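The values are calculated or read from the model by the stated rules, or taken from the named source; none is laboratory data. Here the structure is a predicted model, which is why all the values come from computation and not from measurement. Note: ideal-geometry Cβ built from the backbone for every residue, glycine included; neighbour counts use all protein chains shown. The protein model used for the area step is the full one, side chains on, heavy atoms only, and it has no ligands, DNA or RNA in it. Shrake-Rupley method; radii C 1.70, N 1.55, O 1.52, S 1.80 Å.
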Amino acid sequence: MSILVTGGAGYIGSHTLVRLLEQGESVVVLDSYDNSSPEALRRVMQLTGRQLEAIEGDACDEALLRRVMHEYAVESVIHFAGHKAVGESVQKPLKYYKNNLESTISLMRAMREEGVKRLIFSSSATVYHCEEPSPHTEDQRLGCINPYGWTKFMNEQIIRDCCQADGELSCVLLRYFNPVGAHPSGLIGEDPNGIPNNLMPYICQTAVGLRDHLTIFGDDYKTHDGTGVRDYLHVCDLAEGHVCALGYARAHKGCEAINLGTGTGYSVLDVVHAFEKANGIKINYVIGPRRPGDLDENYADPSKAERLLGWKAQKTLEDMCRDGWNWQKKNPKGYRGE
Ligand code: NAD
Ligand code: UD1
């Protein structure tokens, strides 16, 4: 029996593969390499000393999904595959609705046909309505402000409805807060295409000299120092959350939405200063205007994850900054440096 990991060559997928292989699971990855490289999978195998099966293909292809599920006796699916750039989703909404919705529908149909009953889905904290206060609890009102967010919202609904229709299904919707950092080995990490949108990769690229300076998007938010507050989570803690969710899905039926965050919010300036302290590097920054759509603060109530999954984030902001930088300096051009 094996676990199908769609989008397994990506940032969060590759870190989760390490934990799955370390646990002795058999894994088959389906990835189009649309936003990743097979090199990530080679490094996962190097890191763990274990083999995995890798198939290049599209998670929207139901026939392919069925073939893979059948051939590898798939018992559970972890579905990471999807597009994730918020700004691009505003420019090209159909690209996002097509890929992110069609992949989930194809997957659920293939699972039904092949009798696969367990699914772990990558959702996001972005599904919480912007008027709902932090810390976010899973029962708060949902609502989104961009097409990317709506794809997560709609995928959650599709999966919930499938669980309603089939009492044998077991699905966990993991709402990630802000994954950052990298595996401590520096072998795998985040490898954004072009100019990064997110804070930590931008800081790392500034530190390595790829960018001249960081622009802090606004210092007039209602936070302790005026800069935006987020719930940064080490990607290895996040990976562990998937292993815990898989254990939960194996023991329970139904559908649960669960936050994965630390529960602690840090501001942009907190992160800049923690990065400087952890790595002994000065980060050039300027204060710029607010980024449209940004909130003052966004952090999780992670108590449901602890209660249901027995999961709690272990790593500190310092760990996130040190490991993120270790990856960046060893791989200044990401996997493309190979
Ligand atoms: P990523 O882009 O690094 O990984 C996604 C992977 O899916 C890539 O390897 C890409 O090539 C692949 N892919 C995309 N469409 C595909 C398709 N149709 N068929 C096969 N493969 C396909 O992104 P990530 O940061 O690892 O995110 C993983 C998941 O978690 C995504 O669904 C993302 O929306 C979600 N998520 C990410 C964050 C974050 O901050 N990184 C936060 C919340 C949720
Ligand atoms: C962004 C997405 C969100 C997604 C999340 C995780 C937007 C509007 N939101 O949110 O939908 O779920 O990533 O992938 O894109 N910052 C700077 N300078 C930078 C980059 C970021 O000051 O160059 C600030 C931001 O204003 C924010 C904080 O750093 O206050 C974190 O930004 P980011 O990493 O993009 O994450 P989110 O804003 O949480």
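List, in order, the whole-Hz ³J(HN,Hα) value for each residue of segment 28-43 obtained from phi through the Karplus relation with A = 6.51, B = -1.76, C = 1.60 and θ = phi - 60°; use x for Gly and Pro.
In residue order, the calculated couplings are 10, 9, 10, 9, 8, 6, 4, 10, 6, 9, x, 4, 4, 6, 4, 6 Hz.
What shape does segment 86-205 take by its C-alpha gyration tensor, where a ≥ b ≥ c are the square roots of the eigenvalues and a/c under 1.5 counts as rounded, a/b above b/c as prolate, and the rest as oblate? Walk me through the numbers on the way to the answer.
On the way: a/c = 1.66, a/b = 1.45, b/c = 1.15.
It comes out prolate by the Cα gyration axes.
Taking amide H positions as placed in the peptide plane 1.01 Å from N, state which residues far from residue 259 in sequence (5 or more) or on other chains have amide H under 5 Å from it.
Amide H neighbours of residue 259, under 5 Å, 5+ apart: 175, 305.
Between residue 74 and residues 5 or more places away or on another chain, which pairs have amide H atoms under 5 Å apart, with H built 1.01 Å from N, and which residues are they?
2
Most fluctuating residue of 247, 186, 228 in a GNM of the chain with Cα springs under 10 Å: which is it?
Top of the fluctuation ranking is 247.
Give the accessible surface of segment 61-120 per residue, rounded to a whole number of Å², with probe radius 1.4 Å and ligands, DNA and RNA excluded.
Value for segment 61-120: 48 Å² per residue.
Keeping all protein chains in place, calculate the accessible area per residue for segment 267-328 (probe 1.4 angstrom), answer in Å².
52 Å²
Looking at the square roots a ≥ b ≥ c of the eigenvalues of the Cα gyration tensor of segment 46-131, which shape do they give, rounded for a/c under 1.5, prolate if a/b is larger than b/c, or oblate? Don't skip to the end; give the middle numbers.
Values: a/c = 1.87, a/b = 1.57, b/c = 1.19.
Since a/c reaches 1.5 and a/b is larger than b/c, the shape of segment 46-131 is classed as prolate.
Could you work out how far the C-alpha centroid of segment 158-191 sits from that of segment 3-17, in angstrom?
First find each Cα centre; the distance between them is then 10 Å.
Only Cα pairs under 8 Å and at least 6 apart count here; give the relative contact order of the chain as a rounded whole percent.
Dividing the mean separation by the residue count of the chain yields 19 percent.
Give the calculated FRET efficiency between residue 213 and residue 55 to the nearest 0.05, with a Förster radius of 35 Å applied to their Cβ-Cβ distance.
Computed FRET efficiency for residue 213 and residue 55 comes out at 0.25.
Give me Rg/Rg_expected for segment 191-277, where Rg uses Cα atoms only and Rg_expected = 2.2 N^0.38 Å with N residues.
1.40
Using just the helices of the chain, give the 222 nm mean residue ellipticity in deg cm²/dmol: DSSP H runs with n ≥ 4 each add -39,500 (n - 2.57), and the total is spread over all residues, rounded to 500.
That calculation yields -12500 deg cm²/dmol at 222 nm.
Counting only protein heavy atoms, what percent of the accessible surface of segment 143-285 is carbon or sulfur at a 1.4 Å probe?
Answer for segment 143-285 is 50 percent, counting heavy atoms of protein chains only.
From largest accessible area down, sort 130, 171, 255; use a 1.4 Å probe on the protein chains. Write out the running numbers ahead of the final one.
Details: 130 70, 171 5, 255 40 Å².
Ranking 130, 171, 255 by accessible area, largest first, yields 130, 255, 171.
Roughly how tilted is helix 268-279, in degrees to the nearest 10 and between 0 and 90, from the longest Cα axis of the chain?
Once rounded, the angle reads 90 degrees.
Checking the table 84/304; 222/315; 84/329; 253/330; 84/222; 253/312 against a 31 Å threshold on Cα-Cα, which pairs fail? Could you put the intermediate results ahead of the total?
Numbers: 84/304 25 Å; 222/315 27 Å; 84/329 25 Å; 253/330 43 Å; 84/222 27 Å; 253/312 22 Å.
Those over the limit are 253/330.
From the phi of every residue in segment 63-80, what ³J(HN,Hα) in whole Hz does the Karplus formula 6.51 cos²θ - 1.76 cosθ + 1.60 yield, where θ is phi - 60° and glycine or proline is x?
Ordered by residue, 3J(HN,Hα) equals 5, 5, 4, 5, 4, 5, 4, 5, 4, 9, 6, 6, 10, 8, 10, 10, 9, 8 Hz.
Which of the trypsin sites (Lys or Arg not before Pro) found in segment 162-269 are in a DSSP loop and have at most 13 neighbouring Cβ atoms, other than their own, within 10 Å?
Loop-located and lightly packed - 222.
How far apart, in nm, are the 7 Å Cα→Cβ label points at residue 290 and residue 222?
1.1 nm
Given 4 °C and 1.567 mPa s, compute D for segment 226-295 with the Stokes-Einstein relation, Rh being the Kirkwood radius over Cα pairs; round to the nearest whole µm²/s.
Here the translational diffusion coefficient equals 85 µm²/s.
Give me Rg/Rg_expected for the chain, where Rg uses Cα atoms only and Rg_expected = 2.2 N^0.38 Å with N residues.
Taking the Cα Rg and dividing by 2.2 N^0.38 Å, one obtains 0.95.
Is segment 1-104 best put as rounded, prolate or oblate by its Cα gyration tensor, with a ≥ b ≥ c the root eigenvalues, rounded for a/c under 1.5, and otherwise prolate when a/b is larger than b/c, oblate when not?
oblate
Roughly how many whole Å is it from the C-alpha centroid of segment 52-104 to that of segment 290-323?
26 Å
Relative contact order for segment 100-215: what percent, with Cα pairs under 8 Å and sequence separation of 6 or more?
Numbers: 103 pairs, mean separation 29.0, N = 116.
Reported as a whole number, the value is 25 percent.
Output the 0 to 90 degree angle, nearest 10, between the alpha-carbon long axis of helix 93-114 and the longest principal axis computed from the alpha carbons of the chain.
It is inclined by approximately 30 degrees.
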